[in-house]
1. Of all residues in segment 57-112 being touching a Ser or Thr at 6+ places or on another chain (Cβ under 9 Å) and of a type in the set (Phe, Trp, Tyr), which is modelled with the lowest pLDDT?
2. Is it fair to say residue 115 is exposed (fewer than 13 other Cβ atoms within 10 Å of the Cβ) and closer than 22 Å to residue 38 by Cβ?
3. Sort out which residues of segment 79-122 are β-branched (Val, Ile, Thr) and without any contact (Cβ under 8 Å) to a residue 40 or more places away in the chain, and write them in order of number.
4. Regarding segment 89-101, can at least one residue be identified that is more than 21 Å from residue 32 (Cα to Cα) and surrounded by fewer than 13 Cβ atoms within 10 Å (Cβ to Cβ)?
5. Could you please give the count of residues in segment 27-78 that are free of Cβ contacts under 8 Å to residues at least 60 places away in the same chain, surrounded by 12 or more Cβ atoms within 10 Å (Cβ to Cβ) and not in a helix (DSSP H, G or I)?
6. Please enumerate the residues belonging to segment 79-88 that are surrounded by 13 or more Cβ atoms within 10 Å (Cβ to Cβ) and either within 14 Å of residue 116 (Cβ to Cβ) or touching a His at 6+ places or on another chain (Cβ under 8 Å) (or both).
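The values are calculated or read from the model by the stated rules, or taken from the named source; none is laboratory data. All values reported here derive from a predicted model rather than from experimental measurement. So basically every Cβ, Gly included, is an ideal-geometry build from the backbone, and we count neighbours across all protein chains shown.
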Amino acid sequence: MSTSSRSTPPQTAAETEVLRPETAPKASSHAISPLACFLASAGAGAMALTMLGYTAAVSVWALTELMGLPHWMLYGLLGLVALPVIWAALWVAGRAWHVEQLISQDKDVDAPVFSLGRYWSRR
């Protein structure tokens, strides 16, 4: 019987085919523009608004249908749950803008603060 040839793991760094740039990129050469920051934060906010809004609306609708509540109560509850959904979407958009700005300035991302004033106030 013949022995099967097994591939041996690479022994040197050159054999691992690690691709490294010849020179390090300049710190000021980011591809993040204010437009890209806006698009990223607007997209995150829109996604939060649609996903949280859909979840809240379906939950309220299911609750009112299961409990047999009148339709006027459904609309009232939808109005109530719209407030935290809008707050969360605005917070997500503000946080995304803040993080994009930190990344474009080569800074570390800080811990989130759950306040709209933190991200939407002028500095």
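1. 97
2. Numbers: exposed (fewer than 13 other Cβ atoms within 10 Å of the Cβ): yes; closer than 22 Å to residue 38 by Cβ: yes.
Judged against the criteria, residue 115 is a match.
3. Taking segment 79-122 first, the residues β-branched (Val, Ile, Thr) are 81, 85-86, 92, 99, 103, 109, 113.
Passing the criteria: 81, 85, 86, 99, 109, 113.
4. No, every residue in segment 89-101 fails to be more than 21 Å from residue 32 (Cα to Cα) and surrounded by fewer than 13 Cβ atoms within 10 Å (Cβ to Cβ).
5. Residues flagged as free of Cβ contacts under 8 Å to residues at least 60 places away in the same chain, surrounded by 12 or more Cβ atoms within 10 Å (Cβ to Cβ) and not in a helix (DSSP H, G or I) within segment 27-78 amount to 1.
6. 85, 86, 87, 88, listed by residue number.
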